[in-house]
1. What share of all Cα pairs of segment 12-99, in percent, falls into each consecutive 5 Å distance bin?
2. When the accessible area of the chain is split by element with a 1.4 Å probe, what percent falls to carbon and sulfur?
3. Rounded to the nearest 20 debye, what is the charge dipole size of the chain about its Cα centre when +1 sits on each Lys and Arg Cβ and -1 on each Asp and Glu Cβ?
4. I want the local charge near L33. Using Cβ-Cβ distances under 15 Å, sum +1 for each Lys or Arg and -1 for each Asp or Glu among the other residues.
5. In Å², what does the accessible area per residue of the chain work out to with a 1.4 Å probe?
6. Name the trypsin sites (Lys or Arg not before Pro) in segment 24-110 that are in a loop by DSSP and that have at most 13 other C-beta atoms within 10 Å, would you?
7. Ranked from highest to lowest mean number of other Cβ atoms within 10 Å per residue, what is the order of the peptides 51-59, 75-83?
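The values are calculated or read from the model by the stated rules, or taken from the named source; none is laboratory data. None of these values were measured; they are calculated from a predicted model. As a convention, Cβ positions derive from the backbone with ideal geometry for all residues, glycine included, and neighbour counts pool all protein chains shown. Just the protein is used for accessible areas: all its heavy atoms, side chains included, with ligands, DNA and RNA removed. Shrake-Rupley method; radii C 1.70, N 1.55, O 1.52, S 1.80 Å.
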Amino acid sequence: MFECFKKRPPAPSADELRQLTASACEDVKAKWLHFHETVHLQAEVPLSQKIDFFVQPVHQFFENKYPVLLRGPSEIFWLTVFTAILESGTHPKEAVNAAIAELKTKYSRS
């Protein structure tokens, strides 16, 4: 009831944010590689939909391990996920960029 009166922890420094985002990216990349190797969807399922399936549990992971990163704009979360997928090398850059464009259209604020 009195959550609004709780003192928020201080904002992390720029260096701490860089370290957090780098760590989050590595964690998400490992989770994506595991997802890619273990979850076998039908071949016709587009990459954007696979990413959409993947993002749901990853968001919960972020809430538990990297809540500071979720305090900022949602772009931080999405950029971390997209960077991790690109760096994983599981799909060509063009395919990932096309999936990003589809997800951007789906989730953009109208």
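1. 3, 13, 26, 26, 16, 10, 4, 1, 0
2. Values: 4420 of 7700 Å².
Reported share for carbon and sulfur atoms: 57 percent.
3. Values: 13 positive and 13 negative charges, 85 e Å.
Using only the charged Cβ atoms, the result is roughly 420 debye.
4. On the way: positive: K29, K31, K50; negative: E26, D27, E37, E87.
Taking every other residue near L33 into account, the sum is -1.
5. Values: 7700 Å² over 110 residues.
Accessible surface, normalised per residue, equals 70 Å².
6. Working: sites: K29, K31, K50, K65, R71, K93, K104, K106, R109; in loops: R71, R109.
The qualifying sites are R71, R109.
7. Working: 51-59: 15.4, 75-83: 18.0.
Averaged packing, sorted descending, gives the order 75-83, 51-59.
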